[in-house]
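A short worksheet on the structure shown next.
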Amino acid sequence: MLSIVAAAVALAITIGSGAAPLSAEVVLESPTRHVRTADRTMRKLLRTGFQHSATFASLLGRLEQSDLIVYVEEVPRLPGALEGRLVIMPQSHGFRYVRIQVSLRGSPSDTISIIGHELQHAVEVAEATEVFDAPALAALYRRIGIDRGHNLFDTVAAQETGRRVLRELVA
């Protein structure tokens, strides 16, 4: 069952776009959904995030309205101290593709906040229609992000989004 917060976000997305409300089934289960996973654990985390964080639900709704397809997957480890990252994939059939990789550490709420952080990066890419390959992605983040070296970037918006998602989950 959707929380009141997530339902309000679905209503706000509906009012803003003039489209039908985006339910959990549309955003998380539809064969044409824009945020996808083949992993049962990730599917559960995405659903929990959608149901208990208005910010997370809003990110999923924004991506659903874009030309970006996002695959979320668990990986055993990432380089350095990374807990999550976004990787761009080749464009195909009029869609752009990214992969969010998350290394499961900590509590489910911690992991959902990391996914939320990476979903914010996906929204940043979705809004930058000129980004369709790795060089264009790097150029975007050189422009809007914080350079962490070795082609690693972050944004203040993603950092704030991860913290907001975590606050909403534990509230």
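Worth a mention:
- For Phe153, residues with placed amide H under 5 Å, excluding near neighbours: Arg148
- Extension gain, Ser23-Thr41: 0.36 nm per intervening residue step, less the Cα-Cα distance, totals 4.5 nm.
- Rounded to the nearest 500, the helix-only mean residue ellipticity at 222 nm of the chain stands at -16500 deg cm²/dmol, with each DSSP H run of n ≥ 4 adding -39,500 (n - 2.57).
- Shape summary: the range 4-170 maps onto an equivalent ellipsoid whose semi-axes, from the alpha-carbon gyration tensor, are 23, 19, 15 Å in decreasing order.
- Length gained on full extension, Arg105 to Leu152: 14.9 nm, using 0.36 nm per residue less the C-alpha separation.
- Each of Asp67 and Ala134 was given a label point 7 Å from its Cα along the Cα-to-Cβ line. The distance between the two points is 2.3 nm.
No value in this document is a laboratory result; all are computed from the given coordinates. Here the structure is a predicted model, which is why all the values come from computation and not from measurement. Using ideal geometry, Cβ is built from the backbone for each residue, glycine included, and neighbour counts are taken over all protein chains shown.
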